[in-house]
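Here's the structure, in structure tokens; my notes come after.
The values are calculated or read from the model by the stated rules, or taken from the named source; none is laboratory data. Every value quoted in this text rests on a predicted model; they were computed, and no experiment measured them. Here Cβ is always computed from backbone atoms with ideal geometry, including for glycine, and neighbour counts include all displayed protein chains. For accessibility, only protein heavy atoms count, side chains too; no ligands or nucleic acids. Shrake-Rupley method; radii C 1.70, N 1.55, O 1.52, S 1.80 Å.
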Amino acid sequence: MSVQLNHTIIHSRDNRESAEFLAHILGLEVGAEWGPFVPVETANGVTLDFATVPAESISVQHYAFLISEAEFDASFERIRAAGVPYFADPHGKHPGEINHNDGGRGVYFLDPAGHGMEIITRPYGYQPDSAE
């Protein structure tokens, strides 16, 4: 079997709030609570298991999601409709903008626990095949 990422645990102040926030933005479903976790599964089978921990225990992390152009349109509209601040860069120096890195589109935003979330339509270093 090849190595695959199966799941990761994301610390949050409120596991349900964070899971519902991300699922809403990405157009995904929140799974059934399992022990201390509220899962959100991505299309490639990776589960993000949100766990409630004390706020002072949260180490801010970064999570990037590769999505289609149509999914970007829908997700970006949900970000704007919810009034979530967004940026073209991970350092927040370009508020209210998206980027066009590698010929695609991307945007950064924070989840309720302060984790840096990113949606992109092209992987970094993307080089289109000559057939495209």
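Worth pointing out:
- Accessible surface computed residue by residue for the chain, with neighbouring protein chains in place and a 1.4 Å probe, gives 59 Å² per residue.
- Between the helical axis of 15-26 and the longest alpha-carbon principal axis of the chain there is an angle of about 20 degrees.
- Between 107, 46, 30, the residue with the greatest mean-square fluctuation in the GNM of the chain (Cα pairs under 10 Å linked by springs) is 46.
- Structural descriptor for the chain: relative contact order 23 percent, calculated from alpha carbon pairs under 8 angstrom and at least 6 residues apart.
- GNM flexibility winner over the chain from 91, 62, 24 (Cα, springs under 10 Å): 91
- The modelled label-to-label distance between residue 126 and residue 94, using points 7 Å beyond Cα along the C-beta direction, is 1.5 nm.
- Each residue was assigned an accessible area with a 1.4 Å probe, and for residue 97 the value is about 90 Å².
- Each Lys or Arg adds one and each Asp or Glu subtracts one; over the other residues with Cβ under 12 Å from the Cβ of residue 82, this totals -1.
- A straight chain from residue 5 to residue 84 at 0.36 nm per residue would run longer than the Cα-Cα distance by 25.6 nm.
- Alpha carbon centroid spacing (whole Å) that separates segment 46-90 from segment 93-127: 10
- Cα gyration tensor category, rounded, prolate or oblate, for segment 9-132 with a/c compared to 1.5: prolate
- Theoretical gain in end-to-end length, residue 14 to residue 69 [0.36 nm per residue, Cα-Cα removed]: 16.8 nm
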